[in-house]
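> One structure, pasted below without further comment.
None of the figures in this text is laboratory data; all of them are computed from the coordinates on show. Just so it is clear, the structure is predicted and the values come from calculations on it, not from any experiment. Note that we place each Cβ from the backbone using ideal geometry, even for glycine, and neighbour counts take in every protein chain shown.
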Amino acid sequence: MADTCQTSSKPRPKYLGLAEILFQIKLPLPGKLSILHRVSGVLLFLMLGPLLYCFQLSVTSPADFLAFKSFAANPLVRLLLAGLIWAYLHHLCAGIRFLLLDIHVGIDLVSARQTTVIVFIVSLALTAFLCWRILL
Amino acid sequence: MINRIVVGAHYGLKDWIAQRATAVVMALYSLYIAFFLLLLRPNSFEAWREVFSSGFEKFATFLFVLCLFYHAWIGVRDLWMDYIKPVGLRLTLHVLTILVLVGYAGWIAGILWRL
């Protein structure tokens, strides 16, 4: 134990700036899934207010419903809504994976990598399906 | 075998469990409402409004939103704890987050029970 401490010559702790985190560190796929879980959560939190307002418009009166519909017809709004659909589904699917990890399902390296690929495939396929049914 | 003496307020464990419990409730509601909407395909204002106006739907949607806000509180609190070091700023952001989420809870209750 003492030997390993002496042979490591790298200065520790190593402090990372934003540039290193973004461009230098190559995260493995499960790491990318994890940071996207956080990013999608932040995106959903930031959009809670606008989404509540949209929901209020859509159920208040026929005129407000139509106003919301024409607002949602804007391509930029559609792009944002597609992004939010992705954020919700990625957060959900990655979250189910984390719950399984919590109860020690799929914690060895091979299956942890496999479930990561499954989460990306399922969440992206569901995003495509819901965008097709709702936005197109 | 590590024998740790656990001391302190235990709110970390409580929040850890709450985040997962609320996640399960939200996942179940998401499945339920997704199947419901894909089946009914409400295309008019009346049909869309009808979806949320039954007593059960109001109750379920409100529970979902409360779980969402509690879940979001724990997640966003973790963000401030991870990235914001100055204590005063962190405390301010904690308080603002709580105020915003409690405000949202009141807002959605108002929307749902006016239906």
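> For the protein assembly as shown, what is one quarter of the convex hull surface built on the Cα atoms, given in nm²?
In nm², the orientation-averaged hull projection of the protein assembly as shown is 18.5.
> Which lysines, on any chain, are close to residue A:14 with Cα under 22 Å apart, when same-chain ones fewer than 8 places away are left out?
Partners within reach: A:26, A:32, B:85.
> For residue B:58, give me every one of the lysines with a C-alpha distance below 25 angstrom, ignoring sequence neighbours fewer than eight places off in its own chain.
A:69
> Turning to a different aspect of this structure: Provide B:32, A:15, B:70 in ascending order of the number of other Cβ atoms located within 10 Å of each residue's Cβ, fewest first.
Least crowded to most crowded, the residues run A:15, B:32, B:70.
> Over the whole of B:33-46, what's the average partner chain Cβ count within 10 Å per residue? Rounded to a whole number, please.
So the per-residue partner count for this stretch is 2.
> Tell me whether the stretch A:48-101 comes out rounded, prolate or oblate; compute the Cα gyration tensor, take square roots of the eigenvalues as a ≥ b ≥ c, and use a/c under 1.5 as the rounded threshold.
It comes out prolate by the Cα gyration axes.
> Just to be sure I follow: if Rg is taken over the C-alpha atoms of chain B and Rh is the Kirkwood radius over the same atoms, what is Rg/Rh?
That ratio is 1.11, to two decimals.
> Using the alpha carbon gyration tensor of the stretch A:28-135, what are the three equivalent-ellipsoid semi-axes (square root of 5 times each eigenvalue), largest first, in whole Å?
Listed largest to smallest, the semi-axes of the stretch A:28-135 are 33, 13, 11 Å.
> To two decimal places, what compactness ratio does the stretch A:5-45 give when its Cα radius of gyration is scaled by 2.2 N^0.38 Å?
1.61
> Quick check: the distance between the Cα centres of the stretch A:12-78 and the stretch A:98-136, to the nearest angstrom?
What the calculation gives is 18 Å, centre to centre.
> Shifting gears a bit: Treating the beta-carbon of each Lys and Arg as +1 and of each Asp and Glu as -1, no other charges, what is the dipole magnitude of the protein assembly as shown about its Cα centre, to the nearest 20 debye?
380 debye
> Taking only the Cα atoms of the stretch B:76-115, how large is their convex hull per residue, in Å³?
45 Å³
> Modelling each spin label as a point 7 Å along the Cα-to-Cβ direction, I'd like the residue B:62/residue B:6 distance in nm, to one decimal.
Each label point lies 7 Å from its Cα, and together they span 3.4 nm.
> Only four residue types carry charge here, +1 at the Cβ of Lys and Arg and -1 at the Cβ of Asp and Glu. Report the dipole size of chain B about the Cα centre in Debye, rounded to the nearest 20.
240 debye
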